[in-house]
Every structure is written in structure tokens, then in C-alpha cells.
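The values are calculated or read from the model by the stated rules, or taken from the named source; none is laboratory data. The structure displayed is predicted, hence computed values, not measured ones. Don't worry about glycine lacking a Cβ; one is built from the backbone with ideal geometry, like all the others, and counts go over all protein chains shown. For the accessible areas, the whole protein counts, side chains as well, though only heavy atoms, and no ligand, DNA or RNA atoms are used. Shrake-Rupley method; radii C 1.70, N 1.55, O 1.52, S 1.80 Å.
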Amino acid sequence: MTNSSAADQPHADTLANILVVDDTKANLRLLVEILAQRGYQVRPAANGARALAAAQADPPDLILLDIMMPDIDGYAVCEQLKADEQTQDIPIIFLSALNEVLDKVKAFAIGGVDYITKPFQVEEVLVRVETHLALRQMRASLEEKNRQLEQEIIERQRANEALHQALQDLKDTQAQLVESEKMAALGGLVAGVAHEINNPVGFSITAASVLEDETQELLNAYRENNLKRSDLEAYLNTAEESSQLILRNLQQAAKMVKNFKQVAVDQSSLERRSFNLKTYLEETIYNLTPKLKKTHHELTINGDDDIIMDSYPGALAQVVTNLVLNSITHAFTDQQAGQMHFDLSQTDNKVIIQYADNGSGIPAENLGQIFEPFFTTARSQGGSGLGLHIVYNLVTQKLKGSIYCDSRLGEGTKFTIELPSRLNQ
Ligand SMILES: Nc1ncnc2c1ncn2[C@@H]1O[C@H](COP(=O)(O)OP(=O)(O)OP(=O)(O)O)[C@@H](O)[C@H]1O
Ligand SMILES: [Mg+2]
């Protein structure tokens, strides 16, 4: 079959195979002749039985079918062809003599596509044949397009499923990445802690070995009865200094280890329960009284009295304690009378805790680093720089919330913490 249409070419299908059925020999010959001249492949059949055999043996593209024939007439041939799946789609044009009674309604009802009355005009036969071959071809190509469309839909569905799968894979990979990033961060943390602990432990070892040497010398002098008062005094000085140095440095190392343990948030055995936020914060702050008593600062809590949270109060206490201790350590000098303030509010299912001090503030260049592990401006005073890192981990991982810091040098520091009031299971 070709793809051209009847409109742009007289032969819709020059290779088309046409079966001509007529029991009148003259008619049969004439039809075969004019169609063959047009380039069609034509097969003649002189009666109904032969027509059926020919159509079934090699289904033609079109049939010209006489109605009045002995034995099996055109209607019967048509009905049998339409009943057979192999031949039912072949277009049939009926031929009928003018003096014969043509039952047009019946011709169409049993599946004929057209009819031509005899005696026929050659041009009329050719045009009708042409038209129905073209129609058949169009129908075939429509069916083919339909099949392609259906195939396309199936392929799209498959592509969609593949996309879904890819998305799922991506999510899995992402989760793995986050997990491995956490591991990498932990590795960095371990290296950092080792580095931070190295100094105080190193100092302690040096001080201890000095103490050991001097003790040995003192012991020797004592055993040899050679101990002078000035030696003893010098030794006592060294012993006092060394023991202080050892104690201070080991305390520093111990603090580092303690903080590091808290970084692993998941390991802290913190109970989940329902609690009133304000009451709980008041209790937490009460525990800080010994620290606050030594200062002139004022610490207040305001806001909604009725916020009930279902979460980890222990984690929240750690967060709040760290923030207040940071204000005492970094925001104010000992002589200042600073103000620290908590403000509590809630929306639908979120709790907002705002904490602010009116202290020194954080310089802009440090603001982006305060949550990073080991960032501290107070290393010489024993700061580990893990405090706010722990706070960040507790808020985002354990309490499933967010924390944000707003600060300007000389204008104080404000932390905004948003938490779900009820954690999912
Ligand atoms: N309220 C504040 N006012 C001014 N600076 C602050 C405040 N809170 C934190 N900072 C700054 O952020 C840094 C990091 O704080 P973080 O709590 O992580 O460590 P640290 O307090 O120095 O050490 P550690 O918590 O181990 O004692 C501090 O060193 C300080 O410079
Ligand atoms: Mg701190």
C-alpha cells in the first residue's frame, strides 16, 4: 500500500487487488479490462462459490459483486464474507442491473459500501473503486495510528513508572548521602575532639613529669641526708603549680569529653512526655540559680502559660541551659546587670520560643559559624565551642524543629526556636 490519497493521485493504490464477480461473461470481461488498464490487479469470478473461494484464499482489497447470480447470489456472498474475520473488512461494491430490483437498504445493511447500476459508465466505476480503496486505506492508516497511540500510551505509562522508580531511588540515595554526610561530620568531630583533648592532656603529662623529676630529686636528697630547707621550699612551689596545672587541664579535657558525649544526641537517654512549657522552663531556670546568684543579671519568662508540649523536655532543658550560660559567659561582663528574656507563643501546632539577651552581641563575621562544632571565641577560658553545636543538633534532630540566631555587635543576641508541639511517633 502507498500513503498517497485519492485526491492527489488518481490511483489510491495501483497495486490494489480487486475481485470482480459477475455471472454475465461480457460484463465480467469489460470490468476486468478497464480495471486492469488502470493498473489494478484484477481477478475474475464467474459465480458466488468461486468468489468466496478466491476471497478466502487471498483476501482482495476490494470486491465488485453482482447481485443476481444463480445458486449463491451477491447478498449471500456478502453475508458469508462479513461473517469471516479474515474477509469482513473488505469493501464490497454491489453491481445491479437497472431492470433488477435493487434492495439498496439490504445492500447497505449487510455491509456493502456502495452500489453501481448496470449498464455502467466506465468513469463511474473507476471513481467509485478509487474512492473506496482510498477510504479503506485511510481507515487502515487511522487504525495504525490508533495502535501507535495506544502503544505510546503504554510506553508513557512505563516511562512514568520508571520515573517514579528513579525518583524513589533518588530519595533513597539522598537519604544515604545524608547518612554518610552525618558519618563524615562525626569523623570530623572525632578528629576535632582528639585535637582539642591533645593539648590539655599534653600539658598535664608535662606537668606530671616535672613533678615526678623534682620528687625524685627531693627523695634522693632526703635519703642522702642532704635535704636543705630551700630545696624543700622550691619543691613545694613546683608541686603546687604542677598539681594546679594538671587539675585545670584534666578538667578541661573532661569537659570536652562530656560535651562530646552530648553531641551524639540520639544516645542521650531523654524521656519523651507531655509537659507544660512555661512551668518546665521555670524549673530549668531555677536549676541555674547558683550560677545566676553570682551575677547581677535578670532572667525572665513571659508569654502563653498554657502551652502543652509532647516532646523531650530533657533536650529542651539542655538547649535553654546552654543559651543562658552562653549569655552569662559571652554577652556580659561580671560587673554588668544584663537582661535575659524568654518569650513563649504558639500557632496551630507549633511552639515558638524566643530568647534574647541585651549583651555584647555577635560580630557579623562570626554569626555564620556559631553552630559549627569547635567554634569558640573563648578557648583560653576553657570554651569547647560545642555548646551551640549541641543545641543545634538537639533542636533539629531530637526536637524536629529549627533554630535561628539574630545578633548585632553591641545590640544583644536573639535566638528563635520553632518546635512542633507534638512530635510524631
Ligand atoms: N549570647 C551570646 N552573646 C555573645 N556571643 C555569643 C553568645 N552565645 C554564643 N556566642 C558566641 O558563639 C560562640 C560559640 O558558642 P558555643 O556555645 O558553641 O561555644 P562556647 O560557649 O564558646 O564553648 P562551650 O559552650 O563549650 O563552653 C561563643 O564562643 C561566642 O563567641
Ligand atoms: Mg557555650
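Details
- Any hit, region 346-363, residues being surrounded by fewer than 19 Cβ atoms within 10 Å (Cβ to Cβ), more than 12 Å from ligand 1 (Cβ to nearest atom) and basic (Lys, Arg): yes
- Reported count of residues in region 372-400, each being modelled with pLDDT of 90 or more, more than 8 Å from ligand 1 (Cβ to nearest atom) and surrounded by 22 or more Cβ atoms within 10 Å (Cβ to Cβ), is 2.
- Residue within region 103-114 that is surrounded by 13 or more Cβ atoms within 10 Å (Cβ to Cβ), part of a helix (DSSP H, G or I) and not assigned by TED's automatic domain parsing to the domain that holds residue 80 present: no
- Filter pass, residue 134 being open to solvent by less than 50 Å² (accessible area, probe 1.4 Å) and small (Gly, Ala, Ser): yes
- Screening region 312-410 for helices (runs of 4 or more DSSP H) wholly inside it with 2 or more residues that are within 12 Å of ligand 2 (Cβ to nearest atom) and touching a helix residue (DSSP H, G or I) at 6+ places or on another chain (Cβ under 6 Å) returns the ranges 313-326, 387-393.
- Positions within region 411-425 being part of a loop (DSSP other than H, G, I, E, B) and more than 28 Å from the chain's Cα centre (by Cα), in sequence order: 411, 412
- Filter result (open to solvent by less than 30 Å² (accessible area, probe 1.4 Å) and over 19 Å from residue 280 (Cα atoms)) within region 331-345: 331, 332, 338
- Residue 303 more than 16 Å from ligand 2 (Cβ to nearest atom), modelled with pLDDT under 90 and small (Gly, Ala, Ser): no
- All conditions but one from (1) touching a His at 6+ places or on another chain (Cβ under 8 Å); (2) under 23 Å from residue 402 (Cβ atoms); (3) not hydroxyl-bearing (Ser, Thr, Tyr) apply to residue 308; the one that does not is (1).
- Among the numbered conditions (1) of a type in the set (Phe, Trp, Tyr); (2) at pLDDT 90 or above; (3) more than 16 Å from ligand 1 (Cβ to nearest atom), the only one that residue 286 does not meet is (2).
- Residue list for region 212-247, restricted to those being without any contact (Cβ under 8 Å) to a residue 12 or more places away in the chain and under 60 Å from the mean Cα position of the chain (by Cα): 244, 247
- Hits in region 401-418 - residues which are among the small types (Gly, Ala, Ser), open to solvent by 50 Å² or more (accessible area, probe 1.4 Å) and more than 11 Å from ligand 1 (Cβ to nearest atom): 402
- Residues of region 275-311 satisfying the condition of being part of a strand (DSSP E or B) and open to solvent by less than 70 Å² (accessible area, probe 1.4 Å): 275, 276, 299, 300, 301, 303, 309, 310, 311
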